[in-house]
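Computed from the coordinates by the stated procedures, all read-outs in this text should not be read as laboratory data. Note that the structure is a prediction, hence the values are computed from the model and not measured. Every residue, glycine among them, receives a Cβ derived from its backbone with ideal geometry; neighbour counts consider all protein chains shown.
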Protein chains: 2
Amino acid sequence: MILVIFTGSRYADWRLAEKGRLLHGFRTAGINSYIQDENFINQLLNKNTDLLYNAEKVKKIFFFGAGASSKERQEKIIQVFSTFFKNAKVKASHDLDASAISTFGDDKGIVGIIGSGSNAAYFTGKKIVTNNYGLGYILADEGSTNWIAQQVLRDYLTDAMPQGFREKLDEKYSLDRKYILEKLYNNPNPNIFLTSFADFFYEHRYEPYLSNIIKKGLNLYITTYLLPLLDQYPDSNISLTGSVAHNYQEWLTEFAKEYHLNIKTITKEPIQNLIKYYINKN
Amino acid sequence: MILVIFTGSRYADWRLAEKGRLLHGFRTAGINSYIQDENFINQLLNKNTDLLYNAEKVKKIFFFGAGASSKERQEKIIQVFSTFFKNAKVKASHDLDASAISTFGDDKGIVGIIGSGSNAAYFTGKKIVTNNYGLGYILADEGSTNWIAQQVLRDYLTDAMPQGFREKLDEKYSLDRKYILEKLYNNPNPNIFLTSFADFFYEHRYEPYLSNIIKKGLNLYITTYLLPLLDQYPDSNISLTGSVAHNYQEWLTEFAKEYHLNIKTITKEPIQNLIKYYINKN
């Protein structure tokens with residue numbers, strides 16, 4: 001039996017498969033090994049009956065996560081999973097690897113993520129070429145939900161948004177200066193707070209005030225992440241994953257024409273192609 | 001005996017005075033009631049012999065701090081100080097109040113801080129008019145050391161700075177991607193890390209790469225903070241405090257001419273005027 005996991009900051013998608021057949025698929029809270037400790041991950045594993053029941057049958061685990069970028073944090077995942085799945089060989093990889101494998105399989109190209117955060121890199125068909133991105137919401141994350149939320153919250157706090165949009169925010173959330181600053185500066189996971197606005201942004205994407213911010217973010221993503229990679233690897237195909245890439249693909253496709261980008265695919269849920277890839281290989 | 005304290009993120013300045021005469025002055029680590037807990041402040045008080053020796057003699061305390069913006073956090077300061085200084089009446093205020101009193105005394109004007117963070121407001125001669133600024137390094141802080149450090153660290157991590165400047169940074173600090181991201185995202189006080197580069201920035205201010213960033217920051221500070229306040233309160237005098245305002249006053253003065261700003265004073269250490277003000281009033 002194999003287990004494939006793809007996790008962003010908000011959700012983790014799980015797939016169990018055996019003898020070329022999908023057995024179970026489900027979604028849990030996200031696992032970010034940068035932020036969450038062993039206890040959190042352990043509890044999450046022990047709460048799920050599909051996992052508990054199959055724990056000893058799983059032979060191979062392929063884990064892909066936004067936080068799993070360094071050897072150290074991959075080791076943390078491998079250790080917790082190996083203790084729970086006693087007979088399994090665990091491989092932990094970065095979410096960029098998942099984006100690459102889910103679209104390009106064994107082909108080469110530029111992979112990008114615009115979700116809670118932003119990232120991009122070149123994939124050789126075998127591995128991701130180490131990149132300079134993935135610097136998080138304090139230094140970068142252009143175009144991501146984190147970034148959009150930062151613009152919107154600043155405008156909210158400085159009275160720089162149209163009254164109508166302000167009322168919609170107020171209707172949905174109990175925001176005020178004290179609450180926002182506490183969530184950002186006195187809370188271990190400010191990014192969970194920032195990314196919690198994702199559904200609201202999608203719902204109100206056609207409000208001109210918000211459309212402008214999202215489009216500005218997508219443009220900034222293209223100029224900051226994709227164009228420099230295209231300079232290095234001209235004429236590459238581009239594949240994108242992440243909620244922002246998926247939700248605003250209409251606008252992304254327009255910009256792609258203007259910038260002459262070859263966007264091959266925009267994938268909503270990499271987990272589907274990932275499990276197919278590993279079912280075929282195992 | 002009176003005690004006046006002015007504290008930023010890095011340092012706190014203390015002055016003890018009695019019968020119109022300054023008795024002691026010294027500097028300790030900064031106190032940020034937003035970040036630091038009662039224990040930290042208590043230890044700091046108990047480590048200082050000038051304070052220990054005079055604890056019971058102090059009758060009035062005037063505390064000004066960057067973190068002391070809300071009633072709640074002012075209460076925290078008042079409680080810790082009242083326990084240590086048993087006979088004192090404690091008043092805790094925001095650092096903007098200190099900036100205002102230290103320059104304007106009982107006159108009106110626009111007060112600004114460009115130090116570790118950025119802030120500005122209108123002072124009526126009696127009190128600060130509540131403002132929308134002071135949103136911290138995740139949402140704002142334009143022009144401050146936090147902001148400059150964010151630009152420099154991003155450029156460092158994305159190979160977007162001149163090699164010569166990069167070498168100077170490497171010579172002084174042991175920076176790498178892992179270390180920087182840990183300090184920013186896995187550490188309770190990312191702003192202490194950001195502001196720790198202040199002296200290095202000042203030392204290398206004439207490197208064209210850094211001059212450009214600092215000047216861009218000062219411009220952004222003027223357009224984001226001062227111009228909107230001048231729209232509301234035209235022809236006001238402006239007084240500035242904070243290490244960035246002080247260190248780069250040469251450039252600030254140039255910009256002030258271009259934007260036709262009336263900068264009345266740029267004060268290095270508000271504590272000197274503060275203690276004079278309170279000695280005269282007590």
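What sits nearest the axis between copies B and A, counting only chain B Cβ atoms, is the residue and whole-Å distance B:138, 3. With viscosity 0.692 mPa s and temperature 37 °C, the Kirkwood radius over alpha carbon pairs of region B:71-137 converts through Stokes-Einstein to a diffusion coefficient of 248 µm²/s.
Each DSSP beta bridge with both residues in the protein assembly as shown is either parallel or antiparallel, and the antiparallel ones are about 50%.
Scaling the Cα radius of gyration of region A:97-165 by the globular reference 2.2 N^0.38 Å produces a ratio of 1.48. Based on alpha carbons, the Rg and Dmax found for region A:167-206 are 11.1, 33 Å. The distance between label points at residue A:251 and residue B:56 comes to 6.7 nm (points 7 Å beyond Cα on the Cα→Cβ vector). One Cα centroid belongs to region B:204-258, the other to region A:167-232; the line between them spans 28 Å. With all distinct Cα pairs included, what does the Kirkwood hydrodynamic radius of region A:120-256 come out to in Å, to one decimal, could you say? Hydrodynamic radius (Kirkwood, Cα only) of region A:120-256 equals 16.3 Å.
Remark: region B:269-282, residue by residue, has Karplus-estimated 3J(HN,Hα) of 10, x, 4, 5, 6, 4, 5, 4, 4, 7, 4, 5, 8, 10 Hz, where x stands for each Gly or Pro and the curve is 6.51 cos²θ - 1.76 cosθ + 1.60 at θ = phi - 60°.
A simple count of charges around residue B:105, restricted to other residues whose Cβ falls under 14 Å of its Cβ and scoring Lys, Arg +1 and Asp, Glu -1, yields +3. Its convex hull of Cα atoms gives the protein assembly as shown a direction-averaged projected area, equal to a quarter of the hull surface, of 28.5 nm². At a Förster distance of 25 Å, what's the computed FRET efficiency of residue A:82 paired with residue B:182, Cβ-Cβ distance as r, to 0.05? For R0 = 25 Å, the calculated efficiency reads 0.50.
The distance linking region B:62-99 with region A:48-95 is 50 Å (Cα centroid to Cα centroid, whole angstrom).
Computed about the Cα centre, the dipole magnitude for region B:112-186 is approximately 340 debye when only Lys and Arg (+1) and Asp and Glu (-1) carry charge, each at its Cβ. Relative to one another, the C-alpha centroids of region B:264-282 and region A:122-143 are positioned 49 Å apart. Loop-located trypsin sites (Lys or Arg not before Pro) across region B:113-187 with a Cβ neighbour count of 13 or fewer within 10 Å are B:126, B:127, with loop assigned by DSSP.
Pairs from the table (A:91/A:126; B:178/B:216; B:47/B:172; B:108/B:264) lying more than 19 angstrom apart at Cα are B:178/B:216; B:47/B:172. Using a 7 Å projection from Cα along Cα-to-Cβ, the label point at residue B:167 is separated from the same position in the remaining copies by 6.2 nm, smallest value first.
For q = 0.11, 0.25 Å⁻¹, what log10 I(q)/I(0) does region B:171-235 give under the Debye formula with an equal point scatterer on each alpha carbon and no solvent? Result of the Debye calculation: -0.43, -1.06.
How are the C-alpha pair distances of region A:8-90 spread across 10 Å bins, as whole percents from the shortest bin up? Calculated over all Cα pairs of region A:8-90, the distribution is 17, 56, 26, 1 percent. The magnitude of the dipole of chain A, with charges of +1 and -1 set on the Cβ of Lys/Arg and Asp/Glu and taken from the Cα centre, is near 1120 debye. Once divided by 2.2 N^0.38 Å, the Cα radius of gyration of region B:1-159 becomes 1.12. In the protein assembly as shown, helical runs assigned H by DSSP with n ≥ 4 each contribute -39500 (n - 2.57); averaged across all residues and rounded to the nearest 500, the mean residue ellipticity at 222 nm is -13500 deg cm²/dmol. Between the residues B:189, A:117, B:105, the greatest Cα displacement towards the positive end of the dipole of the protein assembly as shown, with unit charges on the Cβ of Lys, Arg, Asp and Glu, is found for B:189. Direction-averaged projected area, Cα convex hull, region B:181-282: 9.4 nm², rounded to one decimal. For chain A, the longest piece that avoids every one of the chymotrypsin sites (Phe, Trp or Tyr not before Pro) found in DSSP loops with at most 14 other C-beta atoms within 10 Å covers A:1-172.
Inter-copy label distances for residue B:187: 2.3 nm (label point placed 7 Å from Cα along Cα→Cβ; shortest first). Rounded to the nearest 5, the antiparallel percentage of DSSP beta bridges internal to region B:1-132 is 65%. Using all alpha carbons of chain B, what is the percent of pairwise distances in each 10 Å bin, ordered from the shortest bin to the longest? Over chain B, the share of Cα pairs per 10 Å bin runs 6, 28, 32, 23, 9, 1 percent. Here the simple spin-label model places points 7 Å from the Cα toward Cβ, and for residue B:89 and residue B:232 these points are separated by 3.1 nm.
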